[in-house]
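Visitor: The following block contains the structure, expressed as structure tokens.
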Amino acid sequence: MFSTTAIGIDLGTANTLVYTKNKGILFNEPSVIAVNTTTNEIIAIGTEAKAMIGKTPANIQAIRPLRDGVIADFDMTTEMIKVIMQKVAKVIGGSLRKPSVIVCTPSGATSVERLAIRDAVKHCGAKEVFLIEEPVAAAIGADLPVSEPIASVIVDIGGGTTEVGIISFGGVVTSNTMKLGGDRMNEEIIHFARKEYSVLIGERTAENIKKEIGYALIQHEKESMEVRGRDIVTGLPKTIILNSMEIQGCLKESLLSILEVIRRTLESCPPELSGDIVDRGIVLSGGGSLLKGMPEWLTNELLVPVTLAPSPLESVAIGTGRSLDTLNLLQKLNS
């Protein structure tokens, strides 16, 4: 079994990452695929396809086949994974002959959603497909001692979902998943610009605003940013100035929902493990954790230390890859 290539895939709503033990992260691009709807030909995937969102002619569609951490468009996901596998094979040098693949799934995914992920990867020529829960993968990737009888709390704020997991002895003691992440924050910003300024902005613009002047609910120096969009009234291009206080206000609801799901998970934690959490704190991973001031805000609210994982965007992929060492254990879990 180990003579075949073993690869780990983080099939995320926003980004897809592929990891192998020897070469590290081989692929890290947005989960977007561009298709010619007339000929069904794949035009581009990843970064190239993301650049096309909102800018294509009628016969070309830039699709995000994953929503809320699970497969929304099965055929397109399969096509995307096929192209990714081909790209990875080129990087490794040679072809990927029947690899063993480990894919992470949201802890709240239903059996149907898990089956869809497994089938999509199987269709792409994988020999065996193992599933690992996202909080466990994120914790392994964040260098937490998951196999020891110590509580490790991981909060993974992804594009489509926020996952909170308390892990001890290699398994999830308690976890909660919420279908809210970076995408919802982008939608809030688009809605705000439309409501307050009567200007339509696109997904990519909203993402940039969040990265540049988005803040968690902390005190900060006011920052401004010039944003271009389309005036709803006149239909003409228009430039507006947004400031960080406004963006903080429109993200407030999403941030409080994330805080609530963390609180709920901590409340259902066994008392023996609560002491560990006070000492060891909480680790944040995922793209949403990079919002400015996120660790400070959560530390103030939860009264336990909150820190960022060493590489928040890559934690899940690294953890998925590292769990390749425990393939035998995963076989038992998947059987």
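Visitor: So which residues in the stretch 30-81 are of a type in the set (S, T, Y) and touching a residue at least 40 places away in the same chain (Cβ under 8 Å), if there are any at all? Spell out how you get there, then give the answer.
Guide: We begin by selecting, within the stretch 30-81, every residue of a type in the set (S, T, Y); these are 31, 37-39, 47, 56, 77-78.
Residues satisfying the conditions are S31, T77, T78.
Visitor: Kindly list the number of the only condition in (1) farther than 29 Å from E79 by Cα; (2) in a helix (DSSP H, G or I); (3) small (G, A, S); (4) over 16 Å from the mean Cα position of the chain (by Cα) that fails for S147.
Guide: (2)
Visitor: Can we say A126 is assigned to a loop (DSSP other than H, G, I, E, B) and free of Cβ contacts under 8 Å to residues at least 24 places away in the same chain?
Guide: On the way: assigned to a loop (DSSP other than H, G, I, E, B): yes; free of Cβ contacts under 8 Å to residues at least 24 places away in the same chain: no.
No; evaluated as a whole, the condition is false for this residue.
Visitor: Next question. Within the stretch 244-260, track down each residue that is more than 14 Å from E196 (Cα to Cα) and not hydrophobic (A, V, I, L, M, F, W, C).
Guide: Initial filter on the stretch 244-260 (more than 14 Å from E196 (Cα to Cα)): 244, 248, 251-260.
Answer for the stretch 244-260, where residues must be more than 14 Å from E196 (Cα to Cα) and not hydrophobic (A, V, I, L, M, F, W, C): S244, Q248, K252, E253, S254, S257, E260.
Visitor: Additional query: Given the criteria open to solvent by less than 30 Å² (accessible area, probe 1.4 Å), in contact (Cβ under 8 Å) with a residue 12 or more places away in the chain and of a type in the set (A, V, I, L, M), does I84 qualify? Lay out the reasoning, then the answer.
Guide: Values: open to solvent by less than 30 Å² (accessible area, probe 1.4 Å): yes; in contact (Cβ under 8 Å) with a residue 12 or more places away in the chain: yes; of a type in the set (A, V, I, L, M): yes.
It is true that I84 is open to solvent by less than 30 Å² (accessible area, probe 1.4 Å), in contact (Cβ under 8 Å) with a residue 12 or more places away in the chain and of a type in the set (A, V, I, L, M).
Visitor: Looking at the stretch 122-175 only, could you name the residues that are open to solvent by 20 Å² or more (accessible area, probe 1.4 Å) and of a type in the set (F, W, Y)?
Guide: Passing the criteria: only F169.
The values are calculated or read from the model by the stated rules, or taken from the named source; none is laboratory data. Note that the coordinates shown come from a computational prediction; the quantities given were computed from them, not determined experimentally. Glycine gets a Cβ as well: all are built from the backbone with ideal geometry, and neighbour counts include every protein chain shown. Note: accessible area is taken over every heavy atom of the protein model, side chains too, but ligands, DNA and RNA are not part of it. Shrake-Rupley method; radii C 1.70, N 1.55, O 1.52, S 1.80 Å.
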